[in-house]
Amino acid sequence: AQSVTQLGSHVSVSEGALVLLRCNYSSSVPPYLFWYVQYPNQGLQLLLKYTSAATLVKGINGFEAEFKKSETSFHLTKPSAHMSDAAEYFCAGATYNQGGKLIFGQGTELSVKP
Amino acid sequence: DAGVTQSPTHLIKTRGQQVTLRCSPKSGHDTVSWYQQALGQGPQFIFQYYEEEERQRGNFPDRFSGHQFPNYSSELNVNALLLGDSALYLCASRVTGGAKNTEAFFGQGTRLTVV
């Protein structure tokens with residue numbers, strides 16, 4: 001069965017510092033992997049997605065993620081945090097044979113200190 | 001393009017009542033999925049509709065049912081509401097088939113509170 005695990009329910013960084021949010025997956029078939037961001041009282045916005053093309057994926061707002069099959073990881077990074085990056089981040093996985101059903105991690109709340 | 005739209009945005013119901021939530025998919029999308037997001041948790045898959053039929057279902061009881069209409073819009077119905085059904089209900093739409101098969105777009109959600 002496929003599962004997605006996000007390490008760290010809360011991450012706090014200073015403005016301008018590196019953002020690193022961790023995601024590990026388990027899947028018996030090649031996965032599609034996604035990062036979504038959720039601002040308070042809002043839905044989910046897609047940041048980026050991996051669909052078996054390039055292993056380094058660039059997304060919106062300066063975020064990027066690298067798919068590492070050997071580590072079963074898909075960590076999200078951003079070189080320099082902005083105050084506006086404070087939100088909840090979700091890693092999700094899907095497999096083609098599941099018809100697009102998304103399996104989400106528990107989420108990581110990112111706080112950015114001035 | 002209005003994206004995925006859900007109604008209502010907020011809803012308060014009494015335990016034991018029934019509720020219907022509505023979703024209009026993004027233009028050009030034919031598949032609608034529903035997710036339940038409890039406070040502090042990641043979204044959990046409820047079910048998915050394509051061609052007006054339920055195609056996949058998550059681990060939710062039969063109290064949760066749905067429908068998809070010919071215009072691809074969808075409803076989520078929950079009967080005999082429990083306090084534990086209080087959550088944000090998210091609708092996601094996508095295109096089934098082709099290169100865009102994997103990308104889902106989410107609505108803003110309906111916040112359901114059961115008292």
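Computed values, structure above
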| quantity | calculated |
| --- | --- |
| Any hit, segment B:81-89, residues being closer than 24 Å to A:TYR89 by Cβ, of a type outside the set (Gly, Ala, Ser), touching a Lys or Arg at 6+ places or on another chain (Cβ under 9 Å) and part of a strand (DSSP E or B) | yes |
| Segment A:18-56, residues that are β-branched (Val, Ile, Thr), more than 11 Å from the chain's Cα centre (by Cα) and assigned to a strand (DSSP E or B) | A:VAL19 |
| Test for B:GLY42: is it surrounded by fewer than 16 Cβ atoms within 10 Å (Cβ to Cβ), outside any strand (DSSP E or B) and either within 12 Å of chain A (Cβ to nearest Cβ) or modelled with pLDDT under 95 (or both) | no |
| Criterion (aromatic (Phe, Trp, Tyr), closer than 19 Å to A:GLY43 by Cβ and in contact with an Asp or Glu (Cβ under 7 Å, 6 or more places away or on another chain)) met by exactly one of B:TYR72, B:TYR89, B:TYR49, B:TYR35 | B:TYR72 |
| Segment A:1-12 residues that are touching a residue at least 40 places away in the same chain (Cβ under 8 Å), paired with ones that are among the acidic types (Asp, Glu) (beta carbon under 7 Å, 6 or more apart) | A:SER9/A:GLU109; A:HIS10/A:GLU109 |
| Selection count, segment A:70-114, where residues are in contact (Cβ under 8 Å) with a residue 12 or more places away in the chain and either charged (D, E, K, R) or part of a strand (DSSP E or B) (or both) | 24 |
| Counted residues, segment A:48-57 - those being within 12 Å of chain B (Cβ to nearest Cβ) and modelled with pLDDT of 85 or more | 3 |
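The values are calculated or read from the model by the stated rules, or taken from the named source; none is laboratory data. Computed from a predicted model, the values in this text were never measured in an experiment. Neighbour counts run over all protein chains shown; Cβ positions are idealised from the backbone, glycine included.
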